[in-house]
Amino acid sequence: MSTPDDTLYKELVDHQQDLLVKFSPEGRLLFVNKAYCDAMGKTKEELAGSIFMPATDKRSSEIMATKMTNLFRPPYTCQVEQWISSPLGSRCISWSARSITDGNGAVTAIIANGHDISRIRQEHRVVRKRDEELMQLLESGTQMYFTHSPDHTLIYVSPRIQALLRGGSSHSGKRLWTDYLTDNPLNAKGLERTLKAISTGRREPPYRLEFYGRNNTNIWVEINEIPVVKNKKTVAIAGYLVDITEKKKVEEGLIEAEILLKNYGGQKKAGKDAAGGENAGPFAALKTIFSSKNSENEADIPLDIPDNLR
């Protein structure tokens with residue numbers, strides 16, 4: 001004869017939205033509630049005595065079985081996630097299980113409560129896919145992004161920056177971005193701008209730095225960054241860098257060419273060129289910078305040179 005308490009417990013179990021099961025230490029179902037029957041698309045009679053853990057693939061079954069060994073030693077609990085095939089499609093169930101013991105440590109049965117987290121997992125997949133697409137977009141341009149703390153510890157580094165810098169592996173742990181700087185004295189100016197941005201919380205103009213690159217080469221980058229301020233305090237620096245190594249070489253070549261032309265101008269007034277010849281054009285000198293071929297005649301230079309520059 002059932003008591004009011006028995007009726008209450010039965011109603012609580014039967015109307016529970018979560019999946020409730022009880023199974024033997026061998027994994028055979030001893031009890032299932034209505035929610036579990038609905039999820040599996042079977043009756044209690046069909047499920048009685050069947051094997052719990054109807055995982056969708058062998059690998060998932062092995063992972064779950066490994067975690068559930070915790071049910072046979074203190075504290076006799078475990079939490080696992082299980083993908084199952086149901087009339088509603090593939091569903092992800094988060095199980096929280098606890099063992100019933102005989103008082104001597106021997107497990108007599110296991111009770112588990114399952115919560116359907118399919119929607120949460122699907123949302124995570126959408127977010128992860130969106131993050132991957134965003135990362136592909138960010139990594140497709142010339143700009144390479146980073147963030148670092150006020151004490152210069154790197155927080156996020158673009159994979160392309162990691163590939164660019166010597167010792168820039170993502171497995172090298174937290175490092176200071178200043179670890180990658182060369183001893184070029186020009187780097188001091190860039191460091192001053194970062195320190196100023198951190199102290200004032202205001203954006204500084206772009207600046208250039210020389211870093212140690214891979215394959216024993218040095219690289220020049222242009223930094224554009226902005227302080228992240230919370231409660232009137234700089235909590236991080238976020239920005240991007242662009243590799244300007246080739247651009248820097250061209251700029252240095254143009255400076256060298258300008259000096260060479262100025263020297264030529266002074267020598268021309270004296271009636272001699274740098275080689276002692278009469279009135280040799282400036283492009284003959286420039287050609288020696290960009291080509292190993294010597295030319296005695298400016299006509300040999302394959303450039304469209306305006307008459308006023310000859």
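The values are calculated or read from the model by the stated rules, or taken from the named source; none is laboratory data. Just so it is clear, the model here is predicted, and its values are computed rather than measured. Because the Cβ atoms are built from the backbone with ideal geometry, glycine has one as well, and the counts that use them run over all protein chains shown. Please note that ligands, DNA and RNA were not included when accessible areas were found on the heavy atoms of the full protein model with its side chains. Shrake-Rupley method; radii C 1.70, N 1.55, O 1.52, S 1.80 Å.
Take every pair of alpha-carbon atoms less than 8 Å apart whose residues are at least six positions apart; their mean separation over the length of the stretch 96-209 yields a relative contact order of 12 percent.
Considering only alpha-carbon pairs that sit under 8 angstrom and 6 or more positions apart, the relative contact order computed for the stretch 31-112 is 21 percent. Within the set Lys189/Lys233; Lys189/Lys249; Lys189/Lys247, which residue pairs have Cα atoms separated by over 30 Å? In this structure, no pair lies more than 30 Å apart at Cα.
Applying the Karplus relation 6.51 cos²θ - 1.76 cosθ + 1.60 with θ = phi - 60° to the stretch 28-44 yields 3J(HN,Hα) values of 9, 5, 9, 7, 9, 8, 4, 4, 5, 4, 5, 5, 8, x, 9, 8, 4 Hz, where x marks Gly and Pro.
In this structure the stretch 207-268 gives 61 Å² per residue of accessible area when probed at 1.4 Å with all protein chains present. Other residues lying with their Cβ under 13 Å from the Cβ of Ala236 contribute a combined charge of 0, Lys and Arg counting +1, Asp and Glu -1. Maximal additional length on extending the Thr182-His124 stretch stands at 16.7 nm, based on 0.36 nm per residue less the C-alpha distance. Cβ-Cβ distance of Arg28 and Ala163, R₀ of 51 Å, FRET efficiency by 1/(1 + (r/R0)^6): the value works out to about 0.40. Applying 1/(1 + (r/R0)^6) with R0 = 41 Å to the Cβ-Cβ distance of Ser50 and Asp6 gives a FRET efficiency near 0.95.
Seen from Glu258, the other residues with C-beta closer than 13 Å to its C-beta sum to a net charge of -2, counting Lys and Arg as +1 and Asp and Glu as -1. Which whole-number percent of Cα pairs in the stretch 104-258 have a distance greater than 18 Å? Of all Cα-Cα distances in the stretch 104-258, 68 percent exceed 18 Å.
Counting only protein heavy atoms and a 1.4 Å probe, the stretch 101-177 has 63 square angstrom of accessible area per residue. Taking a cut-off of 13 Å, what percent of all Cα-Cα pairs in the stretch 68-114 are separated by more than that? Result for the distance tail: 58 percent.
When the solvent-accessible area of the stretch 80-232 is split by element, carbon and sulfur atoms take up 53 percent of it, the probe being 1.4 Å.
Measuring between their Cα centroids, the stretch 202-264 and the stretch 18-48 lie 65 Å from each other.
Taking a Cβ cut-off of under 11 Å around Ile110, the surrounding Lys, Arg, Asp and Glu residues balance to a net charge of +2, with basic ones at +1 and acidic ones at -1.
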